[in-house]
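Single-structure report; data block below.
The values are calculated or read from the model by the stated rules, or taken from the named source; none is laboratory data. All figures in this text were calculated on a predicted structure; none of them were measured in a lab. Heads up, the Cβs are rebuilt from the backbone with ideal geometry, glycines too, and the neighbour counts pull from every protein chain shown.
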Amino acid sequence: MGVVIRTAGEDDRELVVRLLDEAFQDDPVSSWVFPGTEYRRRTHHRLMAAFADAVLADGRVDLTEDGAACALWLPVPAGEPAGDGPGAEQGSESGEGAEDGPARIRAAVDPENERVELIARLTDGIHPSGRAHAYLWMIGVVPERQGEGLGTALIGTVLDRCDREGLPAYLEASSARGKALYERLGFEFTGRALDLPDGPRMWPMWREPRTP
């Protein structure tokens, strides 16, 4: 049987937040932003909630029917930066006040943790601008279901649409394993890695649409 996917709505918010919190507890970037297991378990979900709220408002959350995996996508118009988010991360925003987005996230999530703001600014700085594209902000699969192809199925549905519409796609891989997966799906490393201060490496990746 194939993977059944639907678009999440506001009623799915808590499910999406729990799913992302569980899926990214041991992620290298999450571990850098929230160092220490207990601290991360107490605080990490607030950042996932901020991400979920941003994408539910301005983008699209694809969710497997069984609630085991989700993907957060944002549309980025031509000539505009992606906005305020890390690793896969906040909505499009332009004009006066846009520069305060990372600071607002930090204030809402964990005011004493400068890394919450720093990673948003760093990923904003490497995000390509100029061409409209689909931005895969985050994709999460609960640990016990990883390796079943759920993530590939979630991404594939959007990439098929990108190919039909001639739209590029972009993401930041937060692990070497993820980078290898995305390469199999047609993404290519942009050539400019992001090395977080005293932390892990992230790989910005771009995918040109495939023609039939």
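Observations on the model:
- Selection from the stretch 169-183 of residues that are over 16 Å from the mean Cα position of the chain (by Cα) and either assigned to a loop (DSSP other than H, G, I, E, B) or modelled with pLDDT of 95 or more (or both): Glu183
- Residue satisfying all of: in the stretch 184-207; under 14 Å from Leu136 (Cβ atoms) and under 16 Å from the mean Cα position of the chain (by Cα); surrounded by the most Cβ atoms within 10 Å (Cβ to Cβ) among these: Met202
- The sole residue among Ile155, Ile139 that is β-branched (Val, Ile, Thr) and touching a Gly at 6+ places or on another chain (Cβ under 7 Å) is Ile139.
- Matching residues, the stretch 100-142, being among the aliphatic types (A, V, I, L, M) and within 18 Å of Val76 (Cα to Cα): Ala120, Leu122, Ile126, Ala132, Ala134, Leu136, Met138, Ile139
- Of the residues making up the stretch 162-180, those that are surrounded by 14 or more Cβ atoms within 10 Å (Cβ to Cβ) and within 20 Å of Ala69 (Cα to Cα) are Ala169, Tyr170, Leu171, Glu172, Ala173, Ser174, Ser175, Gly178, Lys179.
- Note on the stretch 1-113: enclosed helices (runs of 4 or more DSSP H) holding 2 or more residues that are within 22 Å of Val142 (Cβ to Cβ) and modelled with pLDDT of 95 or more are 13-23, 28-33, 37-58.
- Of residues in the stretch 130-149 being over 16 Å from the mean Cα position of the chain (by Cα) and on the phi < 0 side of the Ramachandran plot, the one surrounded by the fewest Cβ atoms within 10 Å (Cβ to Cβ): Glu144
- Taking the criterion of being among the β-branched types (Val, Ile, Thr) and either out of contact with any Pro (no Cβ under 9 Å at 6 or more places or on another chain) or at positive phi (or both), the residues of the stretch 26-60 that qualify are Thr37, Thr43, Val55.
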